[in-house]
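Throughout, read-outs are computed from the coordinates displayed, never taken from laboratory work. Just so you know, these numbers come straight off a predicted model, no measurement behind them. Positions of Cβ are generated from backbone atoms using ideal geometry, with glycine treated the same way; all protein chains shown enter the neighbour counts.
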Amino acid sequence: MAVRLIAIDIDGTLLDSQWKLPEANRAAIVEATRRGIEVALVTGRRYDFAMPVARRLECPLTMIINNGALIRSQDGRTHLRHLLPRDTARRVLDATRTWRDAAAVVFDRQRENQIILESLNWDDPIRQSYYTRNREYLAQVVPLETCLTEDPIQVMFSSSVERMRQTEAALRAAMFAAEYALAVTVYESRDFSMIDVINPVCSKGAALAEWAGLRGLAREEVMAIGDNHNDVEMLSFAGRPVVMGNSVPELKSFGWHETLSNDDAGVAAAIAHFAFEEAPECA
C-alpha cells in the first residue's frame, strides 16, 4: 500500500546534531505534502517549542506533541488531548523528591506559566539552552506541588543519564505506576536524559494510531522515522518503521529499516526510498 502518512520525530531525527534542519529533509517533506501525503511531526516537545521547526518546513503539518498527549494543527487548533490527573502528578512529585531540582510541571496554557519549576538555575550547563529558548514560558514556584491548580500535560524530569536512570527506576517501582506512562529520551553522547510522566493512555505510538484511525488510514499506509526510546511505540505501530543511523542501539535491535544519520539527512533518504520509491539508501 502507498504511504499516506509520514510521522517524523524532531530531535535526533529531523534535525541534525547541531539542531539545524537539513535542506534535503525540508525539500523531501515539502514534496511529500505536494504529492498529497500527510506529514506529522511527532515529538516530545511542547507546541510552542515545536512550532519554530514546523514553520521552517513551510508546508501543511500535523503536530503530535508532548509525546502523544496532544494533537494540534499548525494554527493551534486542538484535535486530541489527554492530560495527567493533578492528583497523580502530586503523587509523582512526592515520590521523586530526591530529584526535585530536575523536575518541572508542564501545562496546556496559552503562553506564560506553561513550564513550572521549583529550581531554576540559569547557569545550569545541562539545561541552560532549554531555559534560554523557553524563557517566556517559564515560572518558578516553591514548593512545586502548589502549582497543581489544574491537570497538567506532564511532569518532566531532565538531568544526566545516570540521575535519570535512578529517577526512572523509582517511577517504575512506585506502587501507583499504573496511573501514568513514561516517555524516556536518552542522549548518551551529551550525558543528557529526559523523562516525561504522562497520562497512561499516551505515547507517540498511541497518538499516531488514534490519529490514523480518525483519518481512515491503515497502519500499512503509515511510515514513521525515529531515533530514541520514546519512538518505540510509534515505530511499532507504523507499517513502515525506519530508524535513524544515529539511533540508540535498542531501536536497531528490532530489525526495522535503517536510514542514514541525522547529519546525513536520513529523513530525506527514507522518504525518497519508501514514500517516493526512488532511492536505495535504506536497508
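A few remarks follow.
- Assuming charge only on the beta carbon of Lys and Arg (+1) and of Asp and Glu (-1), the dipole of region 86-198 about its Cα centre is about 80 debye to the nearest 20.
- Rounded to 5, the percent of DSSP beta bridges in region 125-245 classed as antiparallel: 75 percent
- Of the beta bridges in the chain, as assigned by DSSP with both residues counted there, near 55 percent are antiparallel.
- All C-alpha pair distances within region 164-283, sorted into 5 Å bins from zero, spread as 2, 11, 18, 19, 19, 15, 9, 5, 2, 0, 0 percent across the bins.
- Volume per residue of the C-alpha convex hull in the chain, rounded to whole Å³: 120 Å³
- Spin-label proximity, ALA2 to region 209-237 - amide N less than 15 Å from point 7 Å beyond Cα toward beta carbon: 217-218, 221-223
- A full extension of the chain between ARG56 and ILE126 corresponds to an added length of 22.6 nm, given 0.36 nm per residue minus the alpha carbon distance.
- Peptides ranked, highest mean first, by Cβ atoms within 10 Å: ranges 164-170, 140-146: 164-170, 140-146
- Degrees, to the nearest 10: 161-173 long Cα axis against longest axis of the chain: 80 degrees
- Per-selection Rg to Rh, region 86-198 - Cα, Kirkwood hydrodynamic radius: 0.94
- Sorting SER129, SER119 from the fewest to the most surrounding beta carbons within 10 angstrom yields SER129, SER119.
- Residue-count net charge about VAL222 - beta-carbon cut-off 13 Å; Lys, Arg +1, Asp, Glu -1: 0
- Axis angle, to the nearest 10 degrees, between helix 86-95 and the longest C-alpha principal axis of the chain: 70 degrees.
- Measuring r between the beta carbons of TRP19 and PHE176 and using R0 = 35 Å, the FRET efficiency lands at 0.45.
- Helical runs (DSSP H, four residues minimum) scored at -39500 (n - 2.57) apiece and divided by the length of the chain put the mean residue ellipticity at 222 nm at -7500 deg cm²/dmol.
- Considering only the Cα atoms of region 183-238, their convex hull presents on average a projected area of 4.1 nm².
- If the segment from ASP191 to SER119 were pulled out straight at 0.36 nm per residue, it would be longer than the present Cα-Cα gap by 23.9 nm.
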